[in-house]
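No lab work stands behind these numbers, since they all come straight from the coordinates. What you see is a predicted model; the values in this text were computed from it and never measured. Please note: Cβ atoms are built from the backbone with ideal geometry, for glycine as well, and neighbour counts cover all protein chains shown.
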Amino acid sequence: MMNFFRVWPPEASEHAVRVDQLFLAFSALIFALSWPVFILLAVFAIRYRRGRNADRSHAPSHGIWVETGWTIIPFLLTLAFFVYSSWLYFQTGQPPASALTVEVVAKQWMWKFEHPGGQREIDELHVPAGQPVKLVMTSQDVIHSLFLPALRLKQDVLPGRYTSLWFKALVPGTYALRCTQFCGFDHAVMGGRFVVMRPEDYARWLQQAGTDGSLAQQGFQLFRKLGCSGCHGADSTHRAPKLEGIYGAPVPLDGGRVVVADDQYLRDSILYPAKDVAAGYAPIMPTFAGQVSESDLVRLVAYLKSIGGQPQEASR
């Protein structure tokens, strides 16, 4: 019954605590700045409602200190809140290098989560407490938005590109998971559970969850099934770019541009190979658009990451 009437979501991370503190402190500031105005309005409206003659022959022309204080003090206070909130925001875009990466694919009307070991979840996300977790997300159809109220975090999930979100949950428990972007007829039911577990419980859950191998292993099998090894394999007779160590490396393109081979570049190279052609190679690679799903792309990119290179941040 208490959960039914809960109006304030629980706090499951240090970031959530800081966001709540910011919200309450800023609300207190707005109240402190506005209540004297409303009180004086009421007092003057009642006391001087009938009016009376007044001697204004010696009325002050201005009050420089009152005007300066009323302007400068609120400005400095709101500027301090702006700096602190900006710091909180930019922190959410800098995941630690040791963060556990979970791939997320959104579709009407469900969330699909895939762990590095190949464990899959639908509308549930299990994570270990006390460990940084990075979500790399994309949409299979329309724009969605992943919202974790207990962490005070939300990030749009877009078709055709990757966005990321990271957190470190500290309090074990089961929390809500929502989509906050209207995405169609059943948007209201596109939710699930966010489960924070003690590290030892999370390790047991990983062992019990069914898997067909790690994401990288599944990606390798798909790589061979699609015939990619026929051109990109070490013993191939076709001249194609070398993929070992490509992830995170600079790639010179026709026309003189240089791009970094991050998640987005690898995805686009699979679906739209003529978009950014590597310098020195003919644009002969066929497109796989319409032949592989977003989940297949997750596996292929995971395999390419596993054969060398340093990870890059997904675009925000």
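With each pseudo-label sitting 7 Å past Cα toward Cβ, what's the Arg239-Val37 distance in nm, one decimal?
7.1
Based on the Cβ-Cβ distance from Gln91 to Ser27, what FRET efficiency comes out when R0 is 30 Å, to the nearest 0.05?
The computed FRET efficiency comes out at 0.85.
For segment 215-306, what are the per-bin percents of Cα-Cα distances with bins 10 Å wide, up to the bin holding the maximum?
Reading upward from the zero bin: 16, 54, 28, 1.
Provide the percentage of antiparallel DSSP beta bridges, counting only those with both residues in the chain; round to the nearest 5.
Values: 31 of 45 bridges.
DSSP beta bridges in the chain are roughly 70 percent antiparallel.
Starting from the exponent 0.38 and prefactor 2.2 Å, build the expected Rg for the chain from its residue count and divide its actual Cα Rg by it.
This ratio for the chain stands at 1.40.
Using the structure shown, select from Lys107/Lys134; Lys242/Lys305; Lys112/Lys275; Lys154/Lys275; Lys134/Lys305; Lys168/Lys242 the pairs with a Cα to Cα distance greater than 25 angstrom.
Distance filter (> 25 Å) returns Lys112/Lys275; Lys154/Lys275; Lys168/Lys242.
Work out the length of the dipole vector of segment 193-276 about its Cα centre, built from +1 on the beta-carbon of each Lys and Arg and -1 on the beta-carbon of each Asp and Glu, and round it to the nearest 20 debye. Don't skip to the end; give the middle numbers.
On the way: 10 positive and 10 negative charges, 29 e Å.
Computed about the Cα centre, the dipole is about 140 debye.
With charges only on Cβ, +1 for K and R and -1 for D and E, what is the dipole size of the chain about its Cα centre, in debye, rounded to 20? Let's see the in-between values first.
Numbers: 29 positive and 26 negative charges, 202 e Å.
The calculated dipole for the chain is roughly 960 debye.
Using the crude model of +1 on Lys and Arg Cβ and -1 on Asp and Glu Cβ, and no other charge, please compute the dipole size for segment 70-166 relative to its Cα centre, in debye to 20. Kindly include the intermediate steps, with their values, before the conclusion.
Details: 7 positive and 7 negative charges, 37 e Å.
Charge dipole, segment 70-166, about its Cα centre: 180 debye, nearest 20.
Mind giving me the FRET efficiency for Ile73 and Glu14? R0 is 25 Å, r the Cβ-Cβ distance, nearest 0.05 is fine. Please report the intermediate quantities before stating the final value.
Numbers: r = 30 Å, r/R0 = 1.20.
According to the calculation, E is roughly 0.25.
Along the charge dipole of segment 150-237, which of Leu226, Thr163, Ala203 sits closest to the positive end, that is, farthest toward it, with unit charges on the beta carbon of Lys, Arg, Asp and Glu (+1, +1, -1, -1)?
Thr163
If you plug each phi of segment 243-256 into the Karplus form 6.51 cos²θ - 1.76 cosθ + 1.60 with θ = phi - 60°, what whole-Hz ³J(HN,Hα) values come out, in order, with x for Gly and Pro?
Residue by residue, segment 243-256 yields 9, 5, x, 6, 5, x, 8, x, 10, x, 10, 4, x, x Hz.
What nm value, rounded to one decimal, do you get for the distance between Thr174 and Trp65 when each label is placed 7 Å out toward the C-beta?
Here the answer is 6.3 nm between the modelled labels.
Going by alpha carbons, how many degrees (0 to 90, nearest 10) lie between the helix axis of 199-208 and the longest principal axis of the chain?
Relative to the chain, helix 199-208 is tipped by roughly 40 degrees.
Please name which of Leu88, Gly117, Pro128 has its Cα lying farthest along the dipole of segment 80-198 towards the positive end, using unit charges on Cβ (Lys, Arg +1; Asp, Glu -1) and the Cα centre as origin.
Leu88
Using the alpha-carbon centroid of each, what span in Å lies between segment 34-73 and segment 192-260?
Spelled out, the Cα-based centre of one part sits 69 Å from the other.
Over segment 100-208, one equal point on each Cα, no solvent: what is log10 I(q)/I(0) by the Debye formula at q = 0.10, 0.16, 0.21 Å⁻¹?
Each listed q maps to, in turn, -0.25, -0.65, -1.12.
In angstroms, what radius of gyration and Dmax does segment 204-265 have, counting Cα atoms only?
Considering segment 204-265 through its Cα atoms, Rg and Dmax are 15.9, 51 Å.
Search the structure for amide H atoms under 5 Å from the amide H of Val102, placed 1.01 Å from N in the peptide plane, and list their residues when 5 or more places away or on another chain.
Under 5 Å from the amide H of Val102 lie the amide H atoms of Lys134, Leu135, Val136, each far enough along the sequence or on another chain.
Relative contact order for the chain: what is it in percent, counting Cα pairs under 8 Å that are at least 6 residues apart?
About 16 percent, as a whole number.
Can you tell me, using C-alpha contacts under 8 Å and at least 6 residues apart, the relative contact order of segment 237-285 as a whole percent?
Across segment 237-285, relative contact order equals 35 percent.
Quick one: which residues, 5 or more positions from Ala129 or on another chain, have an amide H under 5 Å from its amide H? H modelled 1.01 Å from N in the peptide plane, none for Pro or chain starts.
Met197, Arg198
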